[in-house]
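Okay, structure first, notes after.
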């Protein structure tokens, strides 16, 4: 398939996505829109974590920390001044956050930039570790960020958190940044840098022997991942309109890790699919906690049954498909047309397989 045809198909897909967003914004209720927005944010976070975990092979558990940095930075830059004066009761907000109010897109990018800067500072010493030690170190970083946020009321308002965050987040922002995240990370993976990252994942010693700078490439991957985690945190803050340090506990990183593992390590397509499945399953399994009747047996109201059912579904996926929903497969236009052709002409595909 020619490059021009692929570009035309991609452009057409983006136009179709825009039409779908327009229709969804007008026809879906707030509940459904909230789930879609949350799913798109999880897709951003999952794809960014997959870069450092799936493609670079570094076990990082610090995503919640970068999300917190992005969320607080974005929120402080978009909350109106009078809301800041009402919110910060323990201690007044420090300058320049006390007087700044920036456009949402600028605040989001600055939130991602601050997260990326922290990633460089943390990554240089921490990424010398490997495996479980790296995971523990990055988890410690995320907890440090949360504890600091809990104890600097002149910036984060302490345990009271931030309220009155403008609700700018909608499908245009979330799906737009999802497409942007996928585009940037796919281009990165397809470049020489991406091949170096995958070489590090397969064998660090061999990668270093052929001239790959381990520190440079690990920190670069960590920084790009943190940048998009910060943007995801900013979008989440504007969706919820209120945040506090408890929103960025380890369970947040754990949820994103589930999305990555279910979708498949090293699969961007699988991660996006898993992000939407994860959020929709969690929401649409809620009714079973109220009790249900199968005809021959009745189940009473059981609090927590939703999470038990969801956990069992995760176990089934992991046991019977350890590489996730997509493994390391990715969506391509050529692959889509080949799949359609195999459905239309099964005999031809069988003959090709035999030959």
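The values are calculated or read from the model by the stated rules, or taken from the named source; none is laboratory data. Remember, predicted model here, so these are calculated numbers, not experimental data. We place every Cβ from the backbone using ideal geometry, glycine too, and count neighbours over all the protein chains shown.
What to note about this one:
Okay, residues lined up against (1) at pLDDT 85 or above; (2) touching a helix residue (DSSP H, G or I) at 6+ places or on another chain (Cβ under 8 Å):
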position: 238; (1), (2): yes, yes
position: 241; (1), (2): yes, no
position: 256; (1), (2): yes, yes
position: 298; (1), (2): no, no
position: 306; (1), (2): no, yes
position: 336; (1), (2): no, no
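- Selection of the stretch 48-72 for residues being surrounded by fewer than 24 Cβ atoms within 10 Å (Cβ to Cβ) and either assigned to a helix (DSSP H, G or I) or out of contact with any helix residue (DSSP H, G or I) (no Cβ under 7 Å at 6 or more places or on another chain) (or both) yields only 55.
- Verdict on residue 141 being under 29 Å from residue 33 (Cβ atoms), part of a helix (DSSP H, G or I) and under 21 Å from the mean Cα position of the chain (by Cα): no
Yes/no per residue for (1) under 30 Å from residue 19 (Cα atoms); (2) in contact (Cβ under 8 Å) with a residue 24 or more places away in the chain; (3) part of a helix (DSSP H, G or I); (4) in contact with a helix residue (DSSP H, G or I) (Cβ under 9 Å, 6 or more places away or on another chain):
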position	(1), (2), (3), (4)
189	yes, yes, yes, yes
207	no, no, yes, yes
212	no, no, no, yes
223	no, yes, yes, yes
260	yes, yes, yes, yes
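- Answer from 153, 166 - the residue that is over 20 Å from the mean Cα position of the chain (by Cα) and under 17 Å from residue 41 (Cβ atoms): 166
- Which listed residue is surrounded by fewer than 19 Cβ atoms within 10 Å (Cβ to Cβ) and either modelled with pLDDT of 90 or more or farther than 14 Å from residue 69 by Cβ (or both), from 122, 144: 144
- Leading residue by the ranking (surrounded by the most Cβ atoms within 10 Å (Cβ to Cβ)) among those in the stretch 165-187 that are out of contact with any strand residue (DSSP E or B) (no Cβ under 8 Å at 6 or more places or on another chain) and not in a helix (DSSP H, G or I): 169
- Considering (1) in contact with a helix residue (DSSP H, G or I) (Cβ under 7 Å, 6 or more places away or on another chain); (2) at pLDDT below 85, the lone condition that residue 252 does not fulfil carries the number (2).
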